[in-house]
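Before any comments, here is the structure.
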Amino acid sequence: MKYLSPLIQSFDLSLEKRETADSWVGATPWLMIFVAVAIGLIGVGALYSAAHGAWQPWALMHAIRLALGLLAMAIVALLPIRFIRRFALLWWLMAIAALGMLEFFGTGKGADRWFALGGITLQPSEPAKLAVLVMLAAYFHELSADRMRQIRSYIPVLLIVFLPFAQIVLQPDLGTAVMLFLAAAVVIFVAGIPRWMVMTLMSMGLAAIPVAWSMLYAYQKNRILVFLNPDLDALGAGYQITQSKIALGSGGFVGKGYLQGSQSHLEFLPERQTDFIFTMIGEEFGFMGCMIVLGLYTLLVFLLIYYSFQMRMTFSRLVTIGVAATISFYVSINTAMVSGLLPVVGVPLPLISYGGTAMMVVFLGLGLVISAMLNEHDIHE
Amino acid sequence: MARKARQLEHMLSRRSLLLGGVQVGLTSALVGRLFYLQAIESNRYEDLSKRNRFDYQVVPPSRGRIFDIQGRLLAGNAEAYALNIVPSYTSDLYKSLQTLASLIALSPATIARLMELAENQASFLPLTIRDDLNQREVARVAVRGPELPGVSFDRVEKRIYPQGLLTGHLTGYVGRVSEDDLAAGRALPELAHLYNGKSGVERTFEPNLRGTMGQERVLVNAFGRPIKRTIETAAVAGDDMHLTIDINLQSYAMSILQRGRNKPISMDSAKVKRALAQDPELAASNDGLVFEDAVGRIVPPEAGSVIVIDVESGALKALVSAPVFDPNILSGRVRHDDWQVLVKHPRTPLLDRSIKGQYAPGSVFKMVVALAALEAGIIDTGTHFSCPGHRDLGDARFHCWKRHGHGQVNILDALEQSCDVFFYEVALKVGIEDIADMAKRFGIGQITDIMLPDEKPGLMPTKRWKQNTVGEQWTLGETVVASIGQGYVLTTPLQLAVMTARLAKGREITPHLMDGGNAKTASDLGISEASLSIVRRGMQAVVSGRYGTANQSQLDLAGIKMAGKTGTVQVRRITAEERARGITKNINRPWKFRDHALFVGYAPVEKPKYAIAVVVEHGGSGSVQAAPIARDVMTYLFEQDI
């Protein structure tokens, strides 16, 4: 009952906000929104090319999702950040429940990754990531500096992170699980975990690598082995890496031109609409194109870090950092993967890769950031 | 408390900044990596990308066609379809192949081979299941297309032989290139996926017929599926071959040879069916044609060879060997059953008797002996020998074919009546060396220039030959036997035709098959016209003389007469027991113990135009079996000419 009262209060608050319309417009991070939309539009253009110059089947849908994403962002932005924080546990429980239900109702290729809801597919592991970040931020928000140093304070943290992590690993969706883990680690780190604990955890993590390896699925091990030596399987798992490198490299400095990527259009490049879309951009627009895309993402991440400095509420700062870390890791891992620096783990390029859930998560995250910025005055609540 | 909170906040900011640092670090690493790929290594990847995109494919040339002298097609190319499958497009390759096997002929062995092939190559590369589908088969597969993903068709060419059985030995056939073919240079490695000539003209003229491959640059997608084709080098079709053969004459000669002295009978008659059921040998040699012989038995067609040669040019007008095979069934995919029928056939249809059948020439060799003696000046038309029916030499007695002898005969009588004893006497005087020398001038014991593969040389024995191969001295008895073309002497029907042509012209006629080829002027044989005309007169008497052995086979044509010589070659001596039981007649002996029937001849006698050689394997008597065939074929030829 205690947690339900803010929900009722929130309606009052939203009415309250309207009175300060000027500050609302001024406080909105328009540059961040602009960068996100620009990246999303690059995605539309890239998907148009991926379909050999056609709006179907991807580009149009991507544009629609971009609009829906912006709408969702706006809705979240209008929610009071306090309301989000107070209900963090509820979001987290919902995510856990959704992941658990996948076991029974999910559909998908081999692994139960999706819900199919009358034409719409939902990938609960992506929103779950956001829920974990919000839950972590809320937890650390409540944690005093003293308790920050106590080891037992981190038992709930383990629960918050590893329950959904384990569920996602078991799906199995290693890429998303790793992303969740990394983003969570950043939030925990930034929240102020003592240095000695960081060191201990890192050494334990290193020690756990052999154990983790033995627990990987055969295809996952194979991906890593082939990554280390693509010639092992030049026509199988190594094929993707090899072809992706050829596509990127043959793009050269300025690229082969829009819609002219032979690797992509002659189907040498696998998954060019999802995980390997950056390769296609690299083939058609060359090094310059890659720099523009990476530059936009870097700008987005820096803006988020910059905004976090302006926030005074721990919850807001941690959520913003979490969103920044999520986007940063998505981009880094995806591009490192397609350029042959990392094994193929199945991480999309946010806002550009075709796929509704990932885009929705990014916009929901940005919505949280905007909400945090708009509600700075609530800090002393 | 507040201090600690501040400290924590401080740390939060510091660590957030660290995240920014991490972002910069990661991005820098990526920028470096992309710069390496897209700027430094760009050229290498561009090459790889081009190699990815373009595939060079061989464009197979059209194989040259083979025509007869009138431009009638003997070997050509028909449109066929290759059936391909891309394993990666199928859900289950084995199941797809099983489905195909229910629509078209596809043996389990082929399926096994394809499955193995699929294991060892990339799954997006197409496999060729068959390359000889006809339109009906294509339709049958195409209708089931939706169930057969990854199945496609290609237009290809298939070798066809419109004359079928008539030209089997002549054109030969084509087949898949083997390792041996490549090693022996009979096929080009770049065209090894096509067919090459395995026998006959197809094999001899393989380099001319096969043409030159072209090259095509194909823009392919990642699945190897062609998007666009550009011809780099056009394929050059093989040369067409025009043979000197007249297919109508070939056909006529074939039918006359196969019928022999027998009566055609319907395959459907009860008698034939009974005979086929009772006689396994007849059943095995049954190729859809049977006859009834003089004593009412059902027999297969005669075996042997008929060769017609133009004595002016050496052009071969007919080159017949029987029994026959259909080159169409041996070209490409050979059915095991078809092959077994040919291999188990008791009369070896795969053997081209015209150039590979080696027969003792028998009495048709007597012209050579006569010329050797005439040229040596040992005899002339005035030389007479007495034939009492045999000639004794030491303890051995050599019989004449005529039991009570021919009495006093000169060279002309001896040729006309084929007196053996006359030639025994002559040979003993001339000696084997002079005979061998004369035989050599007529091409006996040597392969000719006709260039068909695996031609047999025959054999003309000499003293040295015997010493070298048998390791024994030549005996006079062997000279006696050789004088009537028996013993060691072996000739092919083609050699007999060439010998006859040379006799008729007195020139060194060389046979050829290619129209317009070998047009070299034949040199003189170096035999005096006087000697030649004596032998020719003898040969005229064989056909036209009162006692001529072939006088039943005169041409019934105004002003055209034929000269010739019969031969009857013993395959096995008649045993005393058989003589006692009265089984002396050929027809009463098993087929393979019967004599070979031979005839050589030319016409018209005044100005020879064509020479002919006829060998009826185990046919019996040359005058009864072989001479009429020559008569009929010559008649046909001159009726065409008029």
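The values are calculated or read from the model by the stated rules, or taken from the named source; none is laboratory data. The shown structure was predicted, so the numbers you read here are calculated from the model rather than taken from an experiment. For neighbour counting, all protein chains shown are included, and Cβ atoms are generated from backbone atoms with ideal geometry for every residue, glycine included.
Every residue, every condition in (1) part of a loop (DSSP other than H, G, I, E, B); (2) among the small types (Gly, Ala, Ser), yes or no:
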residue: B:ARG347; (1), (2): yes, no
residue: B:ALA372; (1), (2): no, yes
residue: B:THR383; (1), (2): yes, no
residue: B:GLY405; (1), (2): yes, yes
residue: B:LEU415; (1), (2): no, no
residue: B:MET438; (1), (2): no, no
residue: B:PRO453; (1), (2): yes, no
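Assessment of the stretch A:173-189 against the conditions (modelled with pLDDT under 85, loosely packed, with under 15 Cβ neighbours inside 10 Å, touching a Lys or Arg at 6+ places or on another chain (Cβ under 9 Å) and not acidic (Asp, Glu)) yields no matching residue. A:LEU342 satisfies every condition listed in (1) in contact with a helix residue (DSSP H, G or I) (Cβ under 8 Å, 6 or more places away or on another chain); (2) more than 8 Å from chain B (Cβ to nearest Cβ); (3) modelled with pLDDT of 90 or more except (3).
So if I check each of B:ALA235, B:ALA253, B:ALA275, B:ALA270, which one is among the aliphatic types (A, V, I, L, M), outside the structural domain of B:SER354 (by TED's automatic domain parsing), within 19 Å of B:ASP352 (Cβ to Cβ) and more than 17 Å from the chain's Cα centre (by Cα)?
B:ALA253
When you look at A:GLY251, is it touching a helix residue (DSSP H, G or I) at 6+ places or on another chain (Cβ under 9 Å) and more than 21 Å from B:GLY25 (Cβ to Cβ), yes or no? Criteria met by A:GLY251. Restricting to the stretch B:28-83, name every residue that is more than 53 Å from the chain's Cα centre (by Cα) and among the β-branched types (Val, Ile, Thr). Residues satisfying the conditions are B:VAL31, B:ILE40. State whether the residues of the stretch B:262-284 include one that is buried (at least 18 other Cβ atoms within 10 Å of the Cβ) and touching a residue at least 60 places away in the same chain (Cβ under 8 Å). No, that holds for no residue.
Counting only residues that are facing chain A (nearest Cβ under 8 Å) and out of contact with any Cys (no Cβ under 9 Å at 6 or more places or on another chain), the stretch B:20-34 holds 8 of them. Within the option set A:LEU68, A:LEU78, A:LEU89, A:LEU47, being in contact (Cβ under 8 Å) with a residue 24 or more places away in the chain and either acidic (Asp, Glu) or in contact with a His (Cβ under 6 Å, 6 or more places away or on another chain) (or both) holds for one residue only, A:LEU47.
Residues in the stretch B:127-159 that are crowded, with 18+ Cβ neighbours inside 10 Å and more than 31 Å from the chain's Cα centre (by Cα): B:LEU127, B:VAL141, B:LEU148, B:GLY150, B:VAL151. When A:ARG272 is tested against (1) over 18 Å from B:LEU26 (Cα atoms); (2) out of contact with any helix residue (DSSP H, G or I) (no Cβ under 7 Å at 6 or more places or on another chain); (3) more than 10 Å from chain B (Cβ to nearest Cβ), only condition (2) is not met.
Each row is one residue, and each column tells you yes or no for (1) farther than 20 Å from B:ASP595 by Cβ; (2) aromatic (Phe, Trp, Tyr); (3) crowded, with 18+ Cβ neighbours inside 10 Å; (4) touching an Asp or Glu at 6+ places or on another chain (Cβ under 7 Å).
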| residue | (1), (2), (3), (4) |
| --- | --- |
| B:ALA315 | yes, no, yes, no |
| B:ALA376 | yes, no, no, yes |
| B:ASP395 | yes, no, no, no |
| B:PHE398 | no, yes, no, no |
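In the condition set (1) closer than 24 Å to A:ILE305 by Cβ; (2) more than 7 Å from chain A (Cβ to nearest Cβ); (3) surrounded by 15 or more Cβ atoms within 10 Å (Cβ to Cβ); (4) modelled with pLDDT of 80 or more, B:PRO60 is compliant with all but (1).
When A:VAL347 is tested against the conditions (1) of a type in the set (A, V, I, L, M); (2) facing chain B (nearest Cβ under 9 Å); (3) in contact with a Phe, Trp or Tyr (Cβ under 7 Å, 6 or more places away or on another chain), the lone failure is (2). The set of residues from the stretch B:88-139 being within 14 Å of chain A (Cβ to nearest Cβ), outside any loop (DSSP other than H, G, I, E, B) and either closer than 20 Å to B:LYS158 by Cβ or without any contact (Cβ under 8 Å) to a residue 12 or more places away in the chain (or both) comprises just one member, B:GLU119. All of B:LEU48, B:LEU17, B:LEU8 fail the test of being facing another protein chain (nearest Cβ under 7 Å) and either under 30 Å from A:SER328 (Cβ atoms) or not aliphatic (A, V, I, L, M) (or both), apart from B:LEU8. Candidates B:TYR488, B:TYR424: the one that is more than 27 Å from B:LYS356 (Cβ to Cβ) and in contact with a Phe, Trp or Tyr (Cβ under 9 Å, 6 or more places away or on another chain) is B:TYR424.
Criterion first (among the β-branched types (Val, Ile, Thr), assigned to a loop (DSSP other than H, G, I, E, B) and more than 19 Å from the chain's Cα centre (by Cα)) does B:VAL295 satisfy it? Against the criterion (among the β-branched types (Val, Ile, Thr), assigned to a loop (DSSP other than H, G, I, E, B) and more than 19 Å from the chain's Cα centre (by Cα)), B:VAL295 qualifies. Residues that are of a type in the set (S, T, N, Q), touching a strand residue (DSSP E or B) at 6+ places or on another chain (Cβ under 9 Å) and part of a helix (DSSP H, G or I) within the stretch B:254-292 comprise just one, B:GLN258. A:ALA137 fulfils the conditions (1) part of a helix (DSSP H, G or I); (2) surrounded by fewer than 21 Cβ atoms within 10 Å (Cβ to Cβ); (3) within 14 Å of another protein chain (Cβ to nearest Cβ) except for a single criterion, (2).
Within the stretch A:297-324, which residues are polar (S, T, N, Q) and more than 9 Å from chain B (Cβ to nearest Cβ)?
Result: A:GLN310, A:SER316.
What do you reckon, is B:GLN552 within 21 Å of B:ILE309 (Cα to Cα), in contact (Cβ under 8 Å) with a residue 12 or more places away in the chain and not basic (Lys, Arg)? Here the answer is no, as B:GLN552 does not meet what is asked. Set side by side, the residues A:LEU70, A:LEU41 differ, and just one is under 30 Å from A:ALA138 (Cα atoms) and assigned to a helix (DSSP H, G or I), which is A:LEU70.
Those residues that are of a type in the set (Phe, Trp, Tyr) and surrounded by fewer than 18 Cβ atoms within 10 Å (Cβ to Cβ), I need them from the stretch B:448-483; list them, please. The one that is of a type in the set (Phe, Trp, Tyr) and surrounded by fewer than 18 Cβ atoms within 10 Å (Cβ to Cβ): B:TRP465. Taking B:LEU106, is it buried (at least 17 other Cβ atoms within 10 Å of the Cβ) and of a type in the set (A, V, I, L, M, F, W, C)? When the stated conditions are applied, B:LEU106 passes them.
Is it the case that B:LYS317 is touching a Phe, Trp or Tyr at 6+ places or on another chain (Cβ under 8 Å), in a helix (DSSP H, G or I) and closer than 26 Å to B:ALA504 by Cα? No; evaluated as a whole, the condition is false for this residue. So which residues in the stretch B:377-397 are hydrophobic (A, V, I, L, M, F, W, C) and either more than 25 Å from B:MET460 (Cα to Cα) or at pLDDT 95 or above (or both)? B:PHE385, B:CYS387 - these are the residues of the stretch B:377-397 that are hydrophobic (A, V, I, L, M, F, W, C) and either more than 25 Å from B:MET460 (Cα to Cα) or at pLDDT 95 or above (or both).
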